[in-house]
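J.: Below you will find the structure I want to go over with you.
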Amino acid sequence: MADRPHVIVVGAGIIGASIAWHLAREGARVTIVEAGAPGGIATRRSWAWLNASWGNPEPYFRLRLRAMAEWKRLSREVPAIRLHWVGGLLYDMAPDELDAYADQHGSWGYGIRRVDATEIGRLEPALTAAPAMALHVAEEGALEPLAAAQGLLAAAIGLGAALHRADVTGLDMAGGQVTGVITAQGRIAADTVVIAAGTATAALAATAGIAVPISAPPGLLVATRPLPKLLNGLVMAPDMHVRQLEDGRLLAGADFGGSDPGEDAEATARAVFAGLQAMLKGGSSFLFDRYQIGHRPMPADGFPIMGGVSGCPGLYLAVTHSGITLAPALGLFAAAEILKGRRDALLAPYGPERFL
Ligand SMILES: Cc1cc2nc3c(=O)[nH]c(=O)nc-3n(C[C@H](O)[C@H](O)[C@H](O)COP(=O)(O)OP(=O)(O)OC[C@H]3O[C@@H](n4cnc5c(N)ncnc54)[C@H](O)[C@@H]3O)c2cc1C
């Protein structure tokens, strides 16, 4: 590797943007290669809940919690990133499951509180029917994912990174090593190629004979027209996760990962919208704005695939679900690993070798 290594980052979604920014900050020569509109594909269709919430083993919880802290650090370094630590109110599980989640994550240090109907009414007065009990995590939040990714890209370019608009059709190889990328406009050489291409990561890695097991499940979200402030935080109710965007729109799906669009996406969207109207006071006056379907980059076991590939020097994989939450930590760790050979302990379970 030269004194000032050249790293190509394929993909300008939230993951590629974060890795590129952290690499550029460390002095690397960075070229971001993006086939479509800068800001990503899954990224712009995300619900963008920043959380270390239920259902995960402790090592993954620790990574997510660290990522939430890293967002705070990153937003100080890149002021264009606006974070909203508005808190999450969750009651989309049976009472015994809520209890088990609160006990477990509370013991791990998550700022989780049981709240009763009176407090729920104070936290979210717009709910038509407050449940008897819910959990509240004040330290959870959200951001506008496209703006955050574009803000990071602009900041990376400000640090000297180049954004190259091209479709990468394959990895350039010499002697078993990745030496760059092949695009319709020609080849670009690099010391390291990072594939942060979301759901397209598997197809690109396959050009070097590497199988990356990911799927791309769809998630449908519905947006209303802008409304005056109705919600104080994120609400995870049974079959309805909803938050209010910066512009006043409500963004909702059956789950934070979106509703299954089913065979008739339009009908699914109308059903989500009707559920949203019933859930919140004044719902009959809401106006349907649009629905959007995103495809989540989903590794086979649900956890990130982050790291170099043994037997294939010059290649680094970066693909994950929950990438909005994880991006600042993954960017920080990837830059340290690529430039200094230092792998953060929090990444230990998430290397590509578990599949390859
Ligand atoms: C409906 C939905 C809800 C979600 N909710 C949440 C949530 O609440 N919280 C959370 O943390 N996460 C959530 N996620 C997941 C999160 O959005 C993703 O993990 C994250 O956006 C992935 O970012 P990425 O940069 O890897 O991918 P992308 O944003 O898809 O970016 C990949 C980029 O690579 C480019 N690319 C692909 N192939 C090539 C090529 N051959 N050459 C050049 N460029 C290429 C694409 O054009 C794209 O811009 C949600 C996702 C969806 C779809």
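J.: Which lysines, if any, have their Cα less than 24 Å from the Cα of K281, not counting same-chain residues under 8 positions apart?
T.: By straight Cα distance, K281 reaches K229.
J.: Distance from the Cα centre of segment 25-45 to that of segment 216-290, in angstrom?
T.: 28
J.: Normalising by the residue count of the chain, find the relative contact order in percent from Cα pairs under 8 Å and 6+ residues apart.
T.: Reported relative contact order: 24 percent.
J.: Okay, next question. What list of ³J(HN,Hα) values in whole Hz, one per residue of segment 32-49 in order, does the Karplus curve 6.51 cos²θ - 1.76 cosθ + 1.60 (θ = phi - 60°) give from phi, with Gly and Pro shown as x?
T.: Going residue by residue, I get 9, 10, 10, 7, x, 7, x, x, x, 10, 4, 4, 6, 10, 8, 7, 6, 7 Hz, with x marking Gly and Pro.
J.: Further question on the same structure: Could you list which residues have their amide H under 5 Å from that of E140, counting only those 5 or more apart in sequence or on another chain, with H placed in the peptide plane?
T.: G87, G88
J.: Count charges around R29 for me, please; just the other residues with Cβ under 15 Å from its Cβ, Lys/Arg as +1, Asp/Glu as -1.
T.: Values: positive: R4, R25; negative: D3, E26, D191.
After counting each charged neighbour, the total is -1.
J.: Now for a different question. Amide H neighbours of G170 under 5 Å, at least 5 residues apart or on other chains, H built in the peptide plane: list them.
T.: Amide H neighbours of G170, under 5 Å, 5+ apart: I182.
J.: Residue by residue, what Karplus-based ³J(HN,Hα) values in Hz, rounded to whole numbers, does segment 306-319 have, using 6.51, -1.76 and 1.60 with θ = phi - 60° and x for Gly and Pro?
T.: 9, x, x, 10, 5, x, 9, x, x, 10, 9, 9, 8, 9
J.: Can you compute the equivalent ellipsoid semi-axes for the chain, i.e. the square root of 5 times each eigenvalue of the Cα gyration tensor, sorted largest first and rounded to whole Å?
T.: Details: eigenvalues 274, 89, 66 Å².
After diagonalising the Cα gyration tensor, the semi-axes are 37, 21, 18 Å.
J.: Nearest 20 debye, what's the magnitude of the dipole of the chain about its Cα centre given +1 on Lys and Arg Cβ and -1 on Asp and Glu Cβ?
T.: Dipole size: approximately 1000 debye.
J.: Which of the lysines could be linked to K340 by a straight reach, that is with a Cα gap under 27 Å, when you skip same-chain ones fewer than 8 residues away?
T.: K72
J.: Go ahead and estimate [θ] at 222 nm for the chain from helices alone: -39,500 (n - 2.57) per DSSP H run with n ≥ 4, summed, over the residue count, rounded to 500.
T.: -9500 deg cm²/dmol
J.: Angle between the Cα long axis of helix 95-107 and the longest principal axis of the chain, 0 to 90 degrees, nearest 10?
T.: The two axes meet at around 50 degrees.
Only the coordinates and a few stated rules stand behind these numbers; no lab work does. Everything quoted here is computed from the prediction, not taken from an experiment. As a convention, Cβ positions derive from the backbone with ideal geometry for all residues, glycine included, and neighbour counts pool all protein chains shown.
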